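A.B. asks: Supplied in structure tokens, the structure appears directly below.
The values are calculated or read from the model by the stated rules, or taken from the named source; none is laboratory data. Not measured: the values here are computed from a predicted model. A quick note on method: Cβ atoms are made from the backbone with ideal geometry, for glycine too, and the neighbour counts reach across all protein chains shown.
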């Protein structure tokens, strides 16, 4: 463990050169940095996103809705390159004042949505899908949806940052967030030992929210940390993650707004044919 001692200043001052890979886009203030109008396509639902775990939640949800026969869930998906600072454009900030992907505009309702969990709940209620109607079932799904929203920052901004992205590796933060990530995996593993899906026997927005983070983690596609975290030991999470991954709509959703990797890339999506073309080329 490092023996260097850091003494916090009396008043914190932003060092613009400190922050590693994302130093150029991280800042302690909100609001737009430049004027940029967002494009719009032909569908009522306009998604502005990137295929990070939070973005994948929403594209998987939309593809699941379409697979279930909800034609009103057709959507245009536009790429927001967070590495280039697209999230600080005036149009994007107008939809999401928090400047984080994803952002969704429902033209029919003239409604802006931000925060992926809020979008999942909105779409589930709009289309009456992937959310139980009985109060007990709904409450259980909401428990796990909010669990994910509260837990993922420890996995992403905590473990992921210090393990994968920080300019220097320090034992204390990696140990701290690895411990919490494994605790969360154990929470999921115990829940999935007695349930087919996270909130019970019904596939729901809880699974759609949790899989892009914890499913991707145990399947080895998040932070390349599978061995480090001994993810194979979480057998019930492994079973669930593979089961969700095999769903055709999930396979379609993960492609949207993806600009990296060898398993298909689709920066923009405006119809089902766009995804079909990528899949046929694989």
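A.B. asks: Over 22 Å from the mean Cα position of the chain (by Cα), touching a residue at least 12 places away in the same chain (Cβ under 8 Å) and not assigned by TED's automatic domain parsing to the domain that holds residue 217: which single residue out of 37, 52 fits that description?
C.D. replies: 37
A.B. asks: Still on this model: Only one of 80, 95 is over 27 Å from residue 217 (Cβ atoms), modelled with pLDDT of 95 or more, touching a strand residue (DSSP E or B) at 6+ places or on another chain (Cβ under 7 Å) and not assigned by TED's automatic domain parsing to the domain that holds residue 210. Can you tell me which?
C.D. replies: The conditions single out 95.
Here is a yes/no grid of residues against (1) touching a strand residue (DSSP E or B) at 6+ places or on another chain (Cβ under 6 Å); (2) crowded, with 21+ Cβ neighbours inside 10 Å; (3) more than 21 Å from residue 130 (Cβ to Cβ):
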{"residue": "16", "(1), (2), (3)": "no, no, yes"}
{"residue": "27", "(1), (2), (3)": "no, no, yes"}
{"residue": "30", "(1), (2), (3)": "no, no, yes"}
{"residue": "37", "(1), (2), (3)": "no, no, yes"}
{"residue": "40", "(1), (2), (3)": "yes, no, yes"}
{"residue": "56", "(1), (2), (3)": "no, yes, no"}
{"residue": "63", "(1), (2), (3)": "no, yes, no"}
{"residue": "69", "(1), (2), (3)": "no, no, no"}
{"residue": "100", "(1), (2), (3)": "no, no, yes"}
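A.B. asks: Report every pair of residues separated by at least 6 positions or lying on different chains whose Cβ atoms are under 8 Å apart, first residue within segment 1-30 and not assigned by TED's automatic domain parsing to the domain that holds residue 171, second modelled with pLDDT under 75 and in a loop (DSSP other than H, G, I, E, B).
C.D. replies: Qualifying pairs under 8 Å: 16/23; 17/23; 26/19.
A.B. asks: Within segment 169-185, restricting attention to residues that are touching a helix residue (DSSP H, G or I) at 6+ places or on another chain (Cβ under 8 Å) and free of Cβ contacts under 8 Å to residues at least 24 places away in the same chain, which residue is surrounded by the fewest Cβ atoms within 10 Å (Cβ to Cβ)?
C.D. replies: Ranking the candidates gives 169 first.
A.B. asks: Does at least one position in segment 118-137 carry a residue that is touching a residue at least 24 places away in the same chain (Cβ under 8 Å) and either loosely packed, with under 13 Cβ neighbours inside 10 Å or touching a strand residue (DSSP E or B) at 6+ places or on another chain (Cβ under 7 Å) (or both)?
C.D. replies: yes
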